[in-house]
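Below: one structure, written as structure tokens.
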Amino acid sequence: MCGVFPMKENTVCFEDASVLPDLFGVHDSNLRTLEKQLGVTVRPDGGKAYISGDPISSELAAKVLTGLYQVLRRGIMVTGNDVLAAIRVVSGDHGADVSEVFQDVVFRSSRNRLITPKSIAQKRYLDAMRGCDIVFGVGPAGTGKTFLAMAMAVGFLQRKEVKRIVLARPAVEAGEKLGFLPGDMAEKVNPYLRPLHDALYTMLEYEHAAKLMERGAIEVAPLAFMRGRTLDDAFVILDEAQNTTSEQMKMFLTRIGFGSKAVVTGDVTQTDLPSGKVSGLNEAIAILDGVPGIQFCRFTDIDVVRHPIVQEIIKAYERFENRSQG
């Protein structure tokens, strides 16, 4: 009969009941999230969960629960946001393995927080950083581009795979007004480097990070300070790369020395360059895509890991911009 969809019930069994309170959430809140997002009904019963709904949604809900169960058994905490992220993973790729994505521990922070990818794109980004010398992470804010690059860099430093970390950012927003800001040059550019400091202090205790910066193992500097240098045995991150000029981007990429890795992050839709000025990031994408040893990882609103409303804001702006261009 038209309009009638077949229903299916999946049963998911869990051998380890000790992790089920965290899997199901407080008052089964994680199960309610599954029901709301996928249009299914989930009924927990002891060491089992019975899922009913249309065949595809029921299967996806079962994959989410099974994957997050494996993640919890490895000692990795699961939050309500992780449930939403897992739903996005399986919805975007029905064959995706949630546990494989979430169990890739990049770094254990000073507060014993495990940093793991929350989307397939983030997982591919991490794999690219491990395997390539230069990686571009391109996409909207909130997709973890800089945060994951920072976690990877700190991990490399702690394992002595590099001798130092160099974090750079263009101060283009300041433009000609930079000279009117109070203080010396370091104080003038510090506001533009603050996000890099914030991400760093998420990974390391303040005192530890300060000591590493004192002895030069970690350097946070404006992009202009990179000119004339060769960076050997370093993990170099260029953040907000959409605000580089063509000349600055070429200068940065040619600073990379032996034993080094470079990660370039940016959002091509958010450039602050003067009108008519070509973004070095846009130009690099056109010139370098396909060059051996360089990989481009692209993120979309699906990969946003901030508050869910951020994802909706990005979508709304994209719709508005598409209408304006049409």
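Which length gain, in nm to one decimal place, applies between Arg73 and Glu9 when the Cα-Cα distance is subtracted from 0.36 nm times their residue separation?
On the way: separation 64, 0.36 × 64 = 23.04 nm, distance 2.49 nm.
Taking 0.36 nm per residue and subtracting the Cα distance, the gain is 20.6 nm.
Restricting to DSSP loop positions (anything but H, G, I, E, B) with no more than 10 other Cβ atoms inside 10 Å of their own Cβ, which GluC sites (Glu not before Pro) remain in segment 226-326? Please report the intermediate quantities before stating the final value.
Details: sites: Glu240, Glu247, Glu283, Glu312, Glu318, Glu321; in loops: Glu240.
Passing sites in segment 226-326 do not exist.
Roughly speaking, what % of Cα-Cα pairs in segment 252-324 are separated by over 14 Å, rounded to a whole number?
Working: 1915 of 2628 pairs.
Roughly 73 percent, once rounded to a whole number.
How high is the relative contact order of the chain, given as a whole-number percent (alpha carbon pairs under 8 Å, six or more residues apart)?
On the way: 539 pairs, mean separation 55.8, N = 326.
Dividing the mean separation by the residue count of the chain yields 17 percent.
Where Rh denotes the Kirkwood radius from the mean inverse Cα pair distance, what is Rg over Rh for the chain?
That ratio equals 1.03.
Summarise the accessible area of the chain (1.4 Å probe, protein heavy atoms) by the percent that is carbon and sulfur.
Numbers: 8790 of 16560 Å².
Here carbon and sulfur together make up 53 percent of the probe-accessible area.
Past the 21 Å Cα-Cα mark, which pairs from Lys163/Lys261; Lys8/Lys36; Lys118/Lys160; Lys36/Lys145? Walk me through the intermediate numbers first.
Numbers: Lys163/Lys261 11 Å; Lys8/Lys36 17 Å; Lys118/Lys160 26 Å; Lys36/Lys145 29 Å.
Going by Cα-Cα distance, Lys118/Lys160; Lys36/Lys145 fall outside the 21 Å limit.
If amide hydrogens are placed 1.01 Å from N in the peptide plane, which non-local residues have theirs closer than 5 Å to the one on Glu219?
Ile165, Val166, Leu167
Amide H neighbours of Ala234 under 5 Å, counting only residues 5+ apart in sequence or on other chains, H built in-plane at 1.01 Å?
Amide H neighbours of Ala234: Lys163, Ser260, Lys261.
Using a Förster radius of 30 Å, what is the FRET efficiency between Asn112 and Asp133 based on their Cβ-Cβ separation? Nearest 0.05, please.
On the way: r = 31 Å, r/R0 = 1.05.
So the FRET efficiency works out to roughly 0.45.
Assuming R0 = 41 Å, can you tell me the calculated FRET efficiency for the pair Ser91 and Tyr206, based on Cβ-Cβ distance, to the nearest 0.05? Let's see the in-between values first.
On the way: r = 39 Å, r/R0 = 0.95.
With a Förster radius of 41 Å, E is 0.55.
Please compute the modelled spin-label separation between Lys160 and Ser18, points set 7 Å along Cα→Cβ, answer in nm with one decimal.
About 3.5 nm separates the two model spin labels.
Taking θ as phi - 60°, what are the ³J(HN,Hα) couplings along segment 207-220 by the Karplus curve (6.51, -1.76, 1.60), each to the nearest whole Hz, with x for Gly and Pro?
5, 5, 4, 5, 5, 5, 6, 4, 8, x, 6, 10, 10, 10
Based on the Cα gyration tensor of segment 200-269, what are the three equivalent ellipsoid semi-axes, each the root of five times an eigenvalue, rounded to whole Å and given largest first? It would help to have the intermediate numbers written out before the result.
Working: eigenvalues 103, 50, 22 Å².
Largest first, segment 200-269 gives 23, 16, 10 Å.
Amide H to amide H under 5 Å from Phe107: which residues, 5+ apart in sequence or cross-chain, H placed 1.01 Å off N in plane?
Here Ile115 satisfy the definition.
How about segment 1-93: which GluC sites (Glu not before Pro) there are in a DSSP loop, with at most 11 other Cβ atoms within 10 Å of their Cβ? Can you show the working numbers first?
Working: sites: Glu9, Glu15, Glu35, Glu59; in loops: Glu15.
Sparse-neighbourhood loop GluC sites (Glu not before Pro): Glu15.
Karplus couplings for segment 271-287 from phi (6.51 cos²θ - 1.76 cosθ + 1.60, θ = phi - 60°), rounded to Hz, Gly and Pro as x?
Computed from phi, the couplings for segment 271-287 are 6, 10, 5, x, 4, x, 8, 6, 6, x, 5, 4, 5, 5, 4, 5, 7 Hz.
What length, rounded to one decimal in nm, is gained on full extension from Gln325 through to Val105, with 0.36 nm per residue of separation minus their alpha-carbon distance?
Working: separation 220, 0.36 × 220 = 79.20 nm, distance 4.11 nm.
Stretched fully, the Gln325-Val105 segment lengthens by 75.1 nm.
Per DSSP helix of 4 or more residues, -39500 (n - 2.57); summed, then divided by the residues of the chain. What does that give at 222 nm, rounded to the nearest 500? Display every interim value, and only then the final one.
Details: 12 runs with 141 residues, N = 326.
Rounded to the nearest 500, it is -13500 deg cm²/dmol.
Give the percent of DSSP beta bridges with both residues in the chain that are antiparallel, rounded to the nearest 5. Working shown, then result.
Values: 13 of 38 bridges.
Taking every DSSP beta bridge with both residues in the chain, the antiparallel ones total about 35 percent.
Order these peptides, 77-89, 223-235, by their mean beta-carbon neighbour count within 10 angstrom, highest first. Please list the in-between numbers first.
Working: 77-89: 19.7, 223-235: 16.8.
Per-residue mean Cβ counts within 10 Å order the peptides as 77-89, 223-235.
Provide the per-residue ³J(HN,Hα) series for segment 235-246, in order, calculated from phi with Karplus coefficients 6.51, -1.76, 1.60 and θ = phi - 60°, each as a whole number of Hz, with x at glycine and proline positions.
Those phi angles translate into 9, 10, 10, 10, 9, 6, 5, 5, 9, 8, 7, 4 Hz.
May I ask you to derive the relative contact order of segment 61-138, considering only C-alpha pairs under 8 Å and at least 6 residues apart, and to give it as an integer percent? Present the calculation step by step, with values, prior to reporting the outcome.
Working: 73 pairs, mean separation 18.7, N = 78.
Relative contact order for segment 61-138 comes out at 24 percent.
The values are calculated or read from the model by the stated rules, or taken from the named source; none is laboratory data. For clarity, every value in this text was computed on a predicted model and none was experimentally measured. Quick reminder, even Gly has a Cβ in these numbers, built from the backbone with ideal geometry, and neighbours come from all protein chains shown. Heavy atoms of the whole protein, side chains included, go into the accessibility calculation; ligands, DNA and RNA do not. Shrake-Rupley method; radii C 1.70, N 1.55, O 1.52, S 1.80 Å.
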